[in-house]
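Written out below as structure tokens is the structure these notes cover.
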Amino acid sequence: MLRAAAPGPSVVVCNTCRHSSDAREDAEGVRGGARLAEAVRTLATSDPRYAGIAVEEMPCLFACAAFCTVHLRAPGRIGYVLGRFAPDAEAAAAILDFAVHHAASAHGQVPYRDWPQGVKGHFLVRIPPEGQIAT
């Protein structure tokens with residue numbers, strides 16, 4: 001049920017998310033989460049700016065109404081669940097750009113001025129790190 005994950009900053013992509021509010025899969029029968037995971041992984045492995053961010057997948061983040069969801073996390077930092085993304089390269093870039101800022105922050109709080117346009121309006125949940133509460 002559980003497996004070991006990367007110990008540092010990571011983007012966990014729900015690989016079973018719907019493609020959109022209207023469809024589970026695209027015309028080729030592939031779920032949106034699988035497409036988004038592929039886009040994030042492809043960009044992360046091809047651009048050295050994202051070298052410190054692990055890309056992981058898991059089935060169902062339980063945010064089904066907000067299809068194409070990701071969980072951004074890093075040790076000792078507030079985590080975030082974001083959703084309602086198109087499963088494409090543009091969304092992947094925004095997610096990874098925010099993940100770099102998140103990983104570089106002291107507590108996981110990234111100043112709004114540093115948010116990529118592509119993540120604005122996509123935040124669903126803020127998660128305190130284990131043993132801590134945000135103030």
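Just a few scattered comments:
- Degrees, to the nearest 10: 32-46 long Cα axis against longest axis of the chain: 60 degrees
- Using 0.36 nm per residue and subtracting the Cα-Cα separation, the extra length available between C64 and Q117 on full extension is 16.8 nm.
- When the chain is reduced to its Cα atoms, the Kirkwood hydrodynamic radius in Å: 14.8 Å
- Each listed q (0.18, 0.20, 0.31 Å⁻¹) maps to a log10 I(q)/I(0) for the stretch 37-95 from the Debye sum over equal C-alpha point scatterers, namely -0.65, -0.80, -1.43.
- At an R0 of 30 angstrom, the distance between the Cβ atoms of A23 and L2 translates into a FRET efficiency of 0.50.
- The chain, helix-only ellipticity at 222 nm - DSSP H runs n ≥ 4, -39,500 (n - 2.57), divided by all residues, nearest 500: -7500 deg cm²/dmol
- Global geometry of the stretch 1-70, whether rounded, prolate or oblate, following the gyration tensor of its Cα atoms and the 1.5 cut on a/c: oblate
- For S105 and I133, a Förster radius of 22 Å and the Cβ-Cβ distance give a FRET efficiency of 0.80, rounded to the nearest 0.05.
- By average C-beta atoms within 10 angstrom, highest first, the peptides 60-73, 97-110: 60-73, 97-110
- Relative contact order (%) - criterion: Cα under 8 Å, at least six apart; region: the chain: 27 percent
- For the stretch 30-92, averaging the sequence separation of C-alpha pairs within contact (under 8 Å, six or more residues apart) and dividing by the residue count gives a relative contact order of 41 percent.
- Taken per residue, the accessible surface of the stretch 1-77 reaches 56 Å², heavy atoms only and a 1.4 Å probe.
- Among beta bridges that DSSP assigns inside the chain, antiparallel share in %, nearest 5: 70 percent
- The chain, accessible surface, carbon-and-sulfur percent (1.4 angstrom probe): 57 percent
- Crossing angle, helix 89-104 versus the chain [Cα axis fit, 0-90 degrees, rounded to tens]: 20 degrees
The values are calculated or read from the model by the stated rules, or taken from the named source; none is laboratory data. The shown structure was predicted, so the numbers you read here are calculated from the model rather than taken from an experiment. Here Cβ is always computed from backbone atoms with ideal geometry, including for glycine, and neighbour counts include all displayed protein chains. These area figures cover heavy atoms from the full protein model, side chains too; ligands, DNA and RNA do not enter into them. Shrake-Rupley method; radii C 1.70, N 1.55, O 1.52, S 1.80 Å.
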